[in-house]
1. Would it be correct to say that Leu219 is farther than 17 Å from Ile347 by Cβ and in a loop (DSSP other than H, G, I, E, B)?
2. Could you tell me how many of the residues in region 367-420 are over 15 Å from Cys337 (Cα atoms), aliphatic (A, V, I, L, M) and surrounded by fewer than 13 Cβ atoms within 10 Å (Cβ to Cβ)?
3. Could you tell me which of the residues Leu383, Leu349, Leu389 is at pLDDT 90 or above, within 23 Å of Ser293 (Cβ to Cβ) and in contact with a strand residue (DSSP E or B) (Cβ under 9 Å, 6 or more places away or on another chain)?
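The values are calculated or read from the model by the stated rules, or taken from the named source; none is laboratory data. Fair warning: this is a prediction, and the values are worked out from it, not measured in the lab. Note: ideal-geometry Cβ built from the backbone for every residue, glycine included; neighbour counts use all protein chains shown.
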Amino acid sequence: MCDLRRPAAGGMMDLAYVCEWEKWSKSTHCPSVPLACAWSCRNLIAFTMDLRSDDQDLTRMIHILDTEHPWDLHSIPSEHHEAITCLEWDQSGSRLLSADADGQIKCWSMADHLANSWESSVGSLVEGDPIVALSWLHNGVKLALHVEKVLLCASSQTSSIVECWSLRKEGLPVNNIFQQISPVVGDKQPTILKWRILSATNDLDRVSAVALPKLPISLTNTDLKVASDTQFYPGLGLALAFHDGSVHIVHRLSLQTMAVFYSSAAPRPVDEPAMKRPRTAGPAVHLKAMQLSWTSLALVGIDSHGKLSVLRLSPSMGHPLEVGLALRHLLFLLEYCMVTGYDWWDILLHVQPSMVQSLVEKLHEEYTRQTAALQQVLSTRILAMKASLCKLSPCTVTRVCDYHTKLFLIAISSTLKSLLRPHFLNTPDKSPGDRLTEICTKITDVDIDKVMINLKTEEFVL
């Protein structure tokens with residue numbers, strides 16, 4: 001059962017939908033087991049859930065769903081014998097790693113490119129060693145791992161602390177004796193790398209889950225000022241879930257609260273600090289695993305009762321914006337997804353029907369400014385993006401069929417071109433498909449038999 005809600009514009013953080021599956025009775029669900037969650041660049045969400053049968057046997061399940069169709073859940077018996085500690089998608093979003101507390105690792109991949117059919121043919125075992133983190137390497141995509149900043153979260157039975165550390169260069173003091181012996185040393189002071197704490201929070205309520213942003217952004221003082229002036233905050237916040245059921249978005253460097261969401265029926269004031277809230281008498285429903293989307297505009301969480309919640313995060317964190325600036329924010333993120341190949345569903349959560357026409361036009365303008373080679377690479381992506389946008393407005397919904405038809409025809413054309421193999425290459429700079437397109441353009445006759453007569457049999461071979 002999914003409760004889908006079309007969010008209103010202007011909120012800092014609000015609920016997009018909640019999924020609760022009726023086939024999971026409370027007697028079979030194991031809330032004490034740690035959960036894992038992962039969000040792929042295709043906007044597929046994988047999460048774990050342990051179910052107990054009538055004879056008290058545990059089945060460790062991995063569930064996968066598409067954020068656009070959350071009611072269509074695919075469940076996989078993982079065959080892990082211990083609690084699953086990690087889930088990690090690869091860069092293409094088509095393969096998933098799972099690891100457990102006993103050192104067993106499995107690699108899951110789509111069967112026949114179907115998101116509702118998964119199989120594991122590869123695995124590894126480091127017996128007795130709990131796996132605490134996973135990462136894909138050598139995946140063909142250049143990665144820039146940021147190892148100079150670390151977020152630390154430590155919890156006790158009653159409270160938590162969160163600290164942000166940075167690796168910085170500092171001057172190393174040199175004794176005067178060495179400066180006299182070697183004047184060069186005195187001219188250029190040697191440096192050493194040291195970990196320094198940037199910010200910290202104390203006496204927080206117990207943190208139950210942490211989600212870090214995936215959007216690569218620059219954190220220089222100049223760029224941070226530009227982000228503040230333009231009210232553009234994606235990638236600048238990280239999410240903290242607390243045992244009282246609240247979720248806080250805090251600045252990734254200063255750890256200052258940027259937005260708060262309360263899941264309880266009686267929300268508390270937003271400006272009340274977490275450390276001053278009274279402790280609840282009993283355990284509240286809280287998120288045990290969280291992940292931010294690839295543009296940081298949405299957040300998924302699995303709570304202690306097995307429900308899945310998706311929250312949308314405003315790019316401006318609730319600050320009022322002019323229409324032009326709001327469009328520019330969304331356009332920038334759409335272009336980012338078009339270039340990287342990432343799915344853009346989470347951006348559509350923030351598009352209002354009145355924005356669709358302007359976004360489609362501006363997106364097309366930016367596309368036409370690119371080089372011919374880049375336009376060829378992005379040609380199908382921009383069609384798919386336009387189709388997704390046009391679905392959101394009754395004024396443009398009639399164009400959706402046109403865009404999908406064009407995508408279908410491009411797929412047929414690409415398939416036919418790939419079947420052609422030149423017998424001998426007369427024009428090295430052109431493929432057989434390009435030559436065939438050129439001939440069909442010159443010959444305007446629609447009779448296919450007459451077109452075939454004009455083709456040289458030695459030039460085109462299937």
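1. It is true that Leu219 is farther than 17 Å from Ile347 by Cβ and in a loop (DSSP other than H, G, I, E, B).
2. Qualifying residue count for the region: 7.
3. Going through Leu383, Leu349, Leu389 in turn, the sole match is Leu349.
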